[in-house]
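K.L.:
Submitted below is the structure of interest, expressed as structure tokens.
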Amino acid sequence: QVQLVESGGGLVQAGGSLGLSCAASGLSFSTYLMGWFRQAPGKEREFVGGINRSGGRTYYADSAKGRFTISRDNAKNTVYLQMNSLKPEDTAIYYCAATATGTYRIRIGDYEYWGQGTQVTVSS
């Protein structure tokens, strides 16, 4: 079955950096659009950014632009989220997600598969 497994979360001070990984299995990874979402305590899950199948195009929520970078390695079936200049408001559980359809997807309902999430905590 399809599995998405995030890793790399943890505790970091404001202004610091953290890199997340999401390893995929059970699907033809290079044919899937990948996305990152996050959910802060008491808030709805929100889109962070996405990457197309080849890795040649990325797009981000305004909150992530200029600070976060998404990349993928199709040979390793892995998508990455590099987060720099972290702020306390970036504290959330971060999820990766996959969809086989479309070329630009930012809604939760657009994605078919989800990881279990990894906690990112940014201290002030």
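The values are calculated or read from the model by the stated rules, or taken from the named source; none is laboratory data. Keep in mind the model is a prediction, meaning the values are calculated, not measured. All Cβ positions, glycine included, derive from the backbone under ideal geometry; neighbour counts span all protein chains shown. What goes into the accessible areas is simple: the full protein's heavy atoms, side chains included, and nothing from ligands, DNA or RNA. Shrake-Rupley method; radii C 1.70, N 1.55, O 1.52, S 1.80 Å.
K.L.:
For the stretch 2-86, treating each Cα as an identical point scatterer without solvent, what Debye log10 I(q)/I(0) comes out at q = 0.20, 0.26 1/Å?
P.N.:
After summing over all Cα pairs, the log10 values are -0.96, -1.41.
K.L.:
So what J values fall out for the stretch 24-37 if you push phi through Karplus, 6.51 cos²θ - 1.76 cosθ + 1.60 with θ = phi - 60°, rounded to Hz, Gly and Pro as x?
P.N.:
Karplus values, whole Hz, x for Gly and Pro: 10, 8, x, 8, 7, 3, 5, 9, 10, 6, 10, x, 10, 10.
K.L.:
So which residue, out of Gly16, Gly50, Gly42, gets the largest mean-square fluctuation from a GNM of the chain using Cα contacts under 10 Å as springs?
P.N.:
Per the Cα network of the chain with a 10 Å cutoff, Gly42 tops the list.
K.L.:
Using a 1.4 Å probe on the protein chains only, how many percent of the accessible area of the chain belongs to carbon and sulfur?
P.N.:
Values: 2850 of 6020 Å².
Roughly 47 percent of what the probe reaches on the chain is carbon or sulfur.
K.L.:
Report, ordered by chain and residue number, the aspartates and glutamates lying within cross-link reach of Lys43, taken as a straight Cα distance under 18 Å and ignoring same-chain residues fewer than 8 apart.
P.N.:
Partners found: Asp62, Glu89, Asp90.
K.L.:
Taking every alpha carbon pair in the stretch 85-124, what does the distance histogram look like in 5 angstrom bins from 0, in percent?
P.N.:
Bins of 5 Å from zero give 6, 21, 22, 16, 16, 13, 5, 1 percent of pairs.
K.L.:
At 0.36 nm per residue, and after removing the present C-alpha to C-alpha distance, how many nm does the segment from Ser7 to Ala75 gain when stretched out fully? Don't skip to the end; give the middle numbers.
P.N.:
Details: separation 68, 0.36 × 68 = 24.48 nm, distance 1.81 nm.
Value of the extension gain: 22.7 nm.
K.L.:
Provide the per residue accessible area, probe 1.4 Å, for the chain, rounded to a whole number of square angstrom.
P.N.:
On the way: 6020 Å² over 124 residues.
Each residue of the chain exposes 49 Å² on average to a 1.4 Å probe.
K.L.:
Order Trp36, Trp114, most accessible first, counting only protein heavy atoms with a 1.4 angstrom probe.
P.N.:
Trp114, Trp36
K.L.:
Further, regarding this structure: Can you tell me the dipole magnitude for the chain around its Cα centre, using point charges on the Cβ only (Lys, Arg +1; Asp, Glu -1), in Debye to the nearest 20?
P.N.:
Roughly 220 debye for the chain.
K.L.:
Quick one: check the C-alpha center-to-center distance for the stretch 14-48 versus the stretch 86-124, whole angstrom.
P.N.:
If we compute the Cα centre of each part, the gap is 4 Å.
K.L.:
Give the lysines reachable from Lys65 as a straight Cα distance under 16 Å; neighbours fewer than 8 places away on the same chain don't count.
P.N.:
Output for Lys65: Lys87.
K.L.:
Put +1 on the Cβ of every Lys and Arg and -1 on every Asp and Glu Cβ in the stretch 44-98; which of Thr69, Leu86, Asn52 then has its Cα farthest towards the positive end of the dipole?
P.N.:
Asn52
K.L.:
Which value, in Å² and to the nearest 10, is the accessible area of Arg45 when all protein chains are kept and the probe is 1.4 Å?
P.N.:
70 Å²
K.L.:
Can you list the HN-Hα couplings for the stretch 109-124, worked out from phi with the Karplus curve (6.51, -1.76, 1.60; θ = phi - 60°), rounded to whole Hz and with x for Gly and Pro?
P.N.:
Values, residue by residue: x, 6, 9, 8, 10, 9, x, 8, x, 9, 7, 10, 10, 10, 8, 8 Hz.
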